[in-house]
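S.K.: First the structure, which I've put down as structure tokens, then a few questions once you've had a look.
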Amino acid sequence: MEVVVRSDADAAARLVARLVAARVRAKPDLVLGLATGRTMERVYDHLAAMHRNAGLDFSQCRTFNLDEYIGLPADDEHSYRHYMDCHLFSRVNIAPANAKIPDGMAADLRAEAVRYERLIGEAGGIDLQLLGIGEAGHIGFNEPLSALMSRTREKALTPVTRQQNAAMFGGDADRVPTRALTMGVGTILEARELILLATGRAKAAILARAVEGPITAMISASALQLHPNCKVVVDEEAAGELTRREYYDWVFRNEPEWREYQG
Ligand code: GLP
């Protein structure tokens with residue numbers, strides 16, 4: 001794992017967007033795992049700008065989102081399908097048929113989970129998976145006690161998560177669905193590269209536990225420590241409780257892979 005600290009939320013998001021763009025340019029038919037949440041909005045803003053101004057071409061990319069609420073139709077303004085349409089899909093040239101999100105309205109959710117895993121497999125697996133982190137330490141919607149080998153499945157949301165996401169539901173946590181379909185921790189760990197983005201003071205404590213603490217199913221993001229190619233990009237605020245900052249900064253300044261991202 002490598003940790004990169006940038007000055008503010010926009011610089012952190014810009015770095016993540018540049019990494020995504022580099023992967024898309026290197027492999028135009030990249031299989032890209034996408035995440036939702038407020039943190040990712042800036043990344044999608046930067047990717048949309050790169051598409052518009054620099055011709056970044058997503059026409060051959062296939063995408064898989066991490067998760068979706070159960071019980072919200074795709075056109076519900078709170079669904080993750082709607083979020084993705086607004087923040088990314090309507091702004092770049094990803095072919096609609098290539099943009100997959102679990103169907104939280106499926107009559108048979110277990111079958112939908114199996115189908116989703118099959119689609120990922122048929123695409124050849126995920127090349128690069130973007131991740132945020134919830135205040136309960138989740139990646140996707142892998143709430144505390146999610147098995148580290150879990151696959152796509154239904155998951156009950158914790159009160160902390162529903163509270164955290166209430167802002168998107170008019171501030172009312174009771175309106176946040178109680179369950180979601182989410183890729184499992186095991187599904188996520190199979191992606192060939194992972195990039196987690198965390199910004200803001202509210203993420204500092206959980207980020208430090210996920211990155212520097214013990215691996216535990218109580219904090220599904222801690223499982224990223226098992227992955228051989230994982231980058232964690234944070235702003236100064238989210239980095240506030242990391243203890244090995246000097247080392248992380250040294251690696252960023254000195255390792256050749258980061259040279260083109262110094263600016
Ligand atoms: C939701 C998503 C997560 C995301 C988290 C962080 O719970 N299911 O994938 O990481 O939100 O959200 P935010 O970026 O709004 O803090």
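The values are calculated or read from the model by the stated rules, or taken from the named source; none is laboratory data. Owing to the predicted nature of the structure, the values given are computational and were not obtained by experimental measurement. Here Cβ is always computed from backbone atoms with ideal geometry, including for glycine, and neighbour counts include all displayed protein chains. With ligands, DNA and RNA removed, areas are computed over all heavy atoms of the protein, side chains included. Shrake-Rupley method; radii C 1.70, N 1.55, O 1.52, S 1.80 Å.
S.K.: Please give the charge dipole size of region 1-126, origin at the Cα centre, charges +1 on K and R Cβ atoms and -1 on D and E Cβ atoms. Round to the nearest 20 debye.
M.R.: With only Lys, Arg, Asp and Glu charged at Cβ, the dipole is about 580 debye.
S.K.: Sort 153, 118, 91 by accessible area with a 1.4 Å probe, largest first.
M.R.: My answer, sorted largest first, is 118, 91, 153.
S.K.: Continuing with the same structure: Assigning unit charges at the beta carbon (Lys, Arg +1; Asp, Glu -1) and nothing else, what dipole magnitude in debye, to the nearest 20, does region 1-61 show about its Cα centre?
M.R.: Working: 9 positive and 7 negative charges, 19 e Å.
Here the size comes out at about 80 debye.
S.K.: So what is the relative contact order of the chain, in percent, for Cα pairs below 8 Å that sit 6 or more residues apart? Mind dumping the intermediate values first?
M.R.: Values: 541 pairs, mean separation 63.4, N = 263.
Result for the chain is 24 percent.
S.K.: What does the C-alpha gyration tensor say about the overall shape of region 67-209? Classify as rounded when a/c is under 1.5, otherwise prolate if a/b is larger than b/c, or oblate.
M.R.: Values: a/c = 1.31, a/b = 1.14, b/c = 1.14.
Rounded, because the longest to shortest axis ratio a/c is under 1.5.
S.K.: Here is a further query. Could you state the accessible area per residue of region 29-142 in Å², with a 1.4 Å probe and every protein chain left in place? Each step should come with its number before you reach the end.
M.R.: Details: 4420 Å² over 114 residues.
So region 29-142 comes to 39 Å² accessible per residue, rounded to a whole number.
S.K.: Could you please state how large a percent of the accessible area of region 88-147 is carbon and sulfur, counting protein chains only and using a 1.4 Å probe?
M.R.: Values: 1310 of 2390 Å².
On region 88-147, the fraction of accessible area on carbon and sulfur atoms equals 55 percent.
S.K.: Compute the accessible area per residue over region 153-230, keeping the other protein chains in place, probe 1.4 Å, unit Å². Before the final figure, lay out each step's value.
M.R.: Values: 3140 Å² over 78 residues.
Result: 40 Å² per residue.
S.K.: Taking the dipole about the Cα centre of region 179-263, with the C-beta of Lys and Arg at +1 and of Asp and Glu at -1, give me whichever of 242, 206, 256 is farthest to the positive side.
M.R.: 206
S.K.: Moving to a separate point now. Which residue, chosen from 86, 101, 164, occupies the Cα position most advanced towards the positive end of the dipole of region 33-184, where the dipole is computed from +1 (Lys, Arg) and -1 (Asp, Glu) charges on Cβ about the Cα centre?
M.R.: 101
S.K.: Going highest first, how would you order 121-127, 82-88 by mean Cβ packing within 10 Å? Mind dumping the intermediate values first?
M.R.: On the way: 121-127: 14.9, 82-88: 19.4.
My ranking of the peptides, most packed first, is 82-88, 121-127.
S.K.: What dipole magnitude, in Debye to the nearest 20, does the chain give about its Cα centre under +1 on Lys/Arg Cβ and -1 on Asp/Glu Cβ? Don't skip to the end; give the middle numbers.
M.R.: Working: 31 positive and 36 negative charges, 70 e Å.
About 340 debye.
S.K.: Additional query: Given the pairs 27/231; 100/155; 27/155, which are separated by over 24 angstrom at their Cα positions?
M.R.: Details: 27/231 19 Å; 100/155 19 Å; 27/155 33 Å.
From 27/231; 100/155; 27/155, over 24 Å: 27/155.
S.K.: List the GluC sites (Glu not before Pro) within region 64-114 that DSSP assigns to loop and that have no more than 16 neighbouring Cβ atoms inside 10 Å.
M.R.: Working: sites: 68, 77, 112; in loops: 77.
Loop-located and lightly packed - 77.
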